[in-house]
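Here's the structure, in structure tokens; my notes come after.
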Amino acid sequence: MCGLLGLLTSGADAPDRVSAVGDAMACARHRGPDESGTWHDADVAFGFNRLAIIDIDHSHQPLQYADGRYTIVFNGEVYNYLELRAELAAQHGARFATDGDTEAVVAAYHHWGPDAVRRLRGMFAFLIWDSQERVLFGARDPFGIKPLFVASGPAGVAFASEKKSLLELAPTLGLEVPVAADIDPAALQHYLTLQYVPEPATLHRSVRRVESGTHVTVRPGGEVEHERYFTPVLTGDGPTGPALHARIAEALRGSVAAHMRADVTVGAFLSGGIDSTAIAVLAKEHNPDLITFTAGFERPGYSEVDVAAETAASIGVRHVVRTVAAEEMMDALPAIVWYLDDPVADPALVPLWFIAREAREHVKVVLSGEGADELFGGYTIYHEPVSLAAFERVPGALRRLLGRTSVRLPEGMRGKDLLRRGAIPLEERYYGNARIFRDDQLAGVLRRYDPRRSHTDITEGHYLASRHWDAVARMQHVDLFTWLRGDILVKADKMTMANSLELRVPFLDPEVFGVARRLPRAEKLGGGTTKYALRRALDGIVPPHVLHRRKLGFPVPIRHWLREEMYEWACEIVRDSQADHLVDLPAVRRMLDAHRAGPIDHSRRIWTLLVFLIWHGIFVEERIRPAIAAPVHPVRL
């Protein structure tokens, strides 16, 4: 788990630019505090920060292979690297100078070409320079667990694990340093709708993301060519019943076993829900001394600390708790936004940052339960096609009338949103788990609101690809391409890597996905619950008090805090911001005051705006300068 940067120059002048690459890696030091290195030839300059997890004394990067023909920088973990090495040695006579997974990746590329990425079981973003063919090849894992940003300019093209590194490298690429004018207005509008910037965009027009499940190829002076090698297809054509449930348990057990491969201590995050509990129970089979970690708040109803502690005691693991106060949250938020690169307005990332910092004092790797909800049908909103089924039988004209009627109902009135959503087709109404500003609300806060833009710009292609699927599977498909990779995995990667901690996600595994993709609707939402098949599969594995409990994750009491402890702090952020040309700051202040007065809850919209204003203050105004400590993280053994 590391941070990489690769620059392919247009004029074969990489030796003159390698020092700039090294400098640009400095802001990503937290991703790999164990060692740093650069390498170059005439065309390419690589930079690398290493967090040593596997083959600690070797596998230094940038790493060369095949007598120097290939050079690789690799961020992530490939859990089947031992099997790959054995297969490559047996079939192709491959030889290895290290014992790690990095060399297995480059050897696989040498012998199998781009198709090698389909054989990798893990999370990854990597670049391989083939000095013989003079081609740079890069790839990102199927679900987008690990990030990979890209920027092009007259002097070349660069890829990096951190957008900040590319912003630092902008002059070297021949780009002007991005300023306020470089903000992508479409990306900002989508952010205010979704609470994250959807791939492949970032808020800077000059920087984009290589999408999940995609590999890229580029030659000196050429354009970057993108090719999707993985698309998640949810067929829903599988069996039901006990045999299926046993297969799920088997796949998950095998995935956790693979994810436990490491030369350092592995711990686990633990909330009060079934996903993280299952991971912890199965991880303990491989590490009897497993340590689990959870975060919470002192406010009643906003903490799973008690449930997590009960779970830890019942499965017999050492448990560490971190309680977060409002004052700590306000103090930490600028640094958190800096680590994020782009704003993500999910309040749960704040306690995640704190518990990751605590965990790093004890372990170097943690397992977590991300991905279970998207694969197994874990969100309550997936019941919506059932609850709104009656509207499907209403003639179109009448449905449109009901929609217009809902607009005239008072805000906050019970049934208003149900009526509004029932009048809208699935392809227009569902765009993921986070729905912050509706299109009709954006005009009141966004200076450059464009009514021609819509969330459907993001989801239309995904709905088209899944047009013959069950409605619930279509919603999952949208979430896999939007919510999962835009919010869930971004906060997981950024908040743990900010603390030089590797996070692994066993649910997002090819073997687990192979079972989950065939689940019929009844095995997702059966019995009026969520994740029905997963719950049946884990019966007897997770403790009874968790098995049928609704997951809360790390809930954050911002609704209350923005009326109380955080009100003055929020007012100050709005007052000091210089982003009024983008956001109507007086309107934000009115929204904040209306929230404080009640009864309407504006907290999620306010939080989304505050996170953007802080981001703007850091990356555009350069007025806010978070204190970023040097990454020194000794593990207490």
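The values are calculated or read from the model by the stated rules, or taken from the named source; none is laboratory data. Keep in mind it's a predicted model, so treat the numbers as computed, not measured. Don't worry about glycine lacking a Cβ; one is built from the backbone with ideal geometry, like all the others, and counts go over all protein chains shown.
Would you point out which residue out of VAL583, VAL556 is at pLDDT 95 or above and closer than 25 Å to ALA348 by Cα? First the steps, then the outcome.
Working: VAL556 fails: at pLDDT 95 or above.
When all the criteria are applied, what remains is VAL583.
Can you pull out every residue in region 71-84 that is outside any loop (DSSP other than H, G, I, E, B) and crowded, with 21+ Cβ neighbours inside 10 Å? Please lay out each step first, then the result.
To start, the set of residues in region 71-84 that are outside any loop (DSSP other than H, G, I, E, B) comprises 71-78, 81-84.
Selection gives THR71, ILE72, VAL73, PHE74, ASN75, GLY76, GLU77, VAL78, TYR81, LEU84.
Looking for whichever is within 18 Å of PHE513 (Cβ to Cβ) and modelled with pLDDT under 95 here; the options are PRO239, PRO232. Which one fits?
Numbers: PRO232 fails: modelled with pLDDT under 95.
Being within 18 Å of PHE513 (Cβ to Cβ) and modelled with pLDDT under 95 holds for just one of PRO239, PRO232, which is PRO239.
Return a yes/no flag: does region 43-58 have any residue that is closer than 18 Å to SER152 by Cα and either out of contact with any helix residue (DSSP H, G or I) (no Cβ under 9 Å at 6 or more places or on another chain) or not in a strand (DSSP E or B) (or both).
Start the filter on region 43-58 by keeping residues that are closer than 18 Å to SER152 by Cα, which leaves 43-47.
Imposing the further condition that a residue be either out of contact with any helix residue (DSSP H, G or I) (no Cβ under 9 Å at 6 or more places or on another chain) or not in a strand (DSSP E or B) (or both) reduces the set to 43.
Yes, there is a match, as at least one residue in region 43-58 is closer than 18 Å to SER152 by Cα and either out of contact with any helix residue (DSSP H, G or I) (no Cβ under 9 Å at 6 or more places or on another chain) or not in a strand (DSSP E or B) (or both).
Restricting to region 572-594, count the residues that are within 20 Å of ILE624 (Cβ to Cβ) and touching an Asp or Glu at 6+ places or on another chain (Cβ under 9 Å). Before you say what the answer is, go through the steps one by one.
Just the residues of region 572-594 that are within 20 Å of ILE624 (Cβ to Cβ), to begin with: 572-583, 585, 588-589, 592.
Filter once more, so that each one left must be touching an Asp or Glu at 6+ places or on another chain (Cβ under 9 Å): 577-579.
The total comes to 3.
Give the residue, chosen from ASP331, ASP341, that is out of contact with any Cys (no Cβ under 8 Å at 6 or more places or on another chain), of a type outside the set (A, V, I, L, M) and surrounded by 24 or more Cβ atoms within 10 Å (Cβ to Cβ).
ASP341 is the lone residue from the list that is out of contact with any Cys (no Cβ under 8 Å at 6 or more places or on another chain), of a type outside the set (A, V, I, L, M) and surrounded by 24 or more Cβ atoms within 10 Å (Cβ to Cβ).
Can you find a residue in region 452-467 that is touching a strand residue (DSSP E or B) at 6+ places or on another chain (Cβ under 6 Å), modelled with pLDDT of 95 or more and among the aliphatic types (A, V, I, L, M)? Quick ask: steps written out before the conclusion?
Pass one, region 452-467, residues touching a strand residue (DSSP E or B) at 6+ places or on another chain (Cβ under 6 Å): none.
No; the residues of region 452-467 include none that is touching a strand residue (DSSP E or B) at 6+ places or on another chain (Cβ under 6 Å), modelled with pLDDT of 95 or more and among the aliphatic types (A, V, I, L, M).
Please go through (1) surrounded by fewer than 18 Cβ atoms within 10 Å (Cβ to Cβ); (2) on the phi > 0 side of the Ramachandran plot for GLU358 and return the number of the only condition it doesn't satisfy.
So GLU358 meets the others, but not (2).
Being closer than 30 Å to PHE612 by Cα, in a helix (DSSP H, G or I) and touching a residue at least 60 places away in the same chain (Cβ under 8 Å) is the filter; apply it to region 524-575 and report the residue that is nearest to the chain's Cα centre (by Cα).
Among those residues, the one meeting the criterion is ILE558.
For GLY37, only one of the following conditions fails: (1) in a strand (DSSP E or B); (2) surrounded by 24 or more Cβ atoms within 10 Å (Cβ to Cβ). What is its number?
Failing condition for GLY37: (2).
Among the aromatic types (Phe, Trp, Tyr), in contact with a helix residue (DSSP H, G or I) (Cβ under 8 Å, 6 or more places away or on another chain) and assigned to a strand (DSSP E or B): is that true of PHE293 in this structure?
On the way: among the aromatic types (Phe, Trp, Tyr): yes; in contact with a helix residue (DSSP H, G or I) (Cβ under 8 Å, 6 or more places away or on another chain): yes; assigned to a strand (DSSP E or B): yes.
Against the criterion (among the aromatic types (Phe, Trp, Tyr), in contact with a helix residue (DSSP H, G or I) (Cβ under 8 Å, 6 or more places away or on another chain) and assigned to a strand (DSSP E or B)), PHE293 qualifies.
Which of the residues spanning region 247-265 are under 25 Å from ALA52 (Cα atoms) and either at pLDDT below 95 or of a type outside the set (A, V, I, L, M, F, W, C) (or both)?
In the first step, residues of region 247-265 are kept if they are under 25 Å from ALA52 (Cα atoms); the result is 254-265.
If the condition is that a residue be under 25 Å from ALA52 (Cα atoms) and either at pLDDT below 95 or of a type outside the set (A, V, I, L, M, F, W, C) (or both), then GLY254, SER255, HIS259, ARG261, ALA262, ASP263, VAL264, THR265 are the ones that fit.
Only residues that are within 20 Å of ASP130 (Cβ to Cβ) and over 27 Å from the mean Cα position of the chain (by Cα): list them for region 68-83, please.
Of everything in region 68-83, those that are within 20 Å of ASP130 (Cβ to Cβ) and over 27 Å from the mean Cα position of the chain (by Cα) turn out to be GLY68, ARG69, TYR70, THR71.
Considering (1) in contact with a helix residue (DSSP H, G or I) (Cβ under 8 Å, 6 or more places away or on another chain); (2) in a helix (DSSP H, G or I); (3) crowded, with 24+ Cβ neighbours inside 10 Å; (4) at pLDDT 95 or above, say which one THR311 fails and leave the rest.
(4) is the only condition that THR311 fails.
Among the residues of region 257-280, what is the count of those that are surrounded by 24 or more Cβ atoms within 10 Å (Cβ to Cβ) and more than 20 Å from LEU352 (Cα to Cα)? Steps first, please.
Applying the first criterion (surrounded by 24 or more Cβ atoms within 10 Å (Cβ to Cβ)) to region 257-280 yields 259, 267-280.
Among the residues that remain, those that are also more than 20 Å from LEU352 (Cα to Cα) are: 259.
Residues in region 257-280 being surrounded by 24 or more Cβ atoms within 10 Å (Cβ to Cβ) and more than 20 Å from LEU352 (Cα to Cα): 1 in total.
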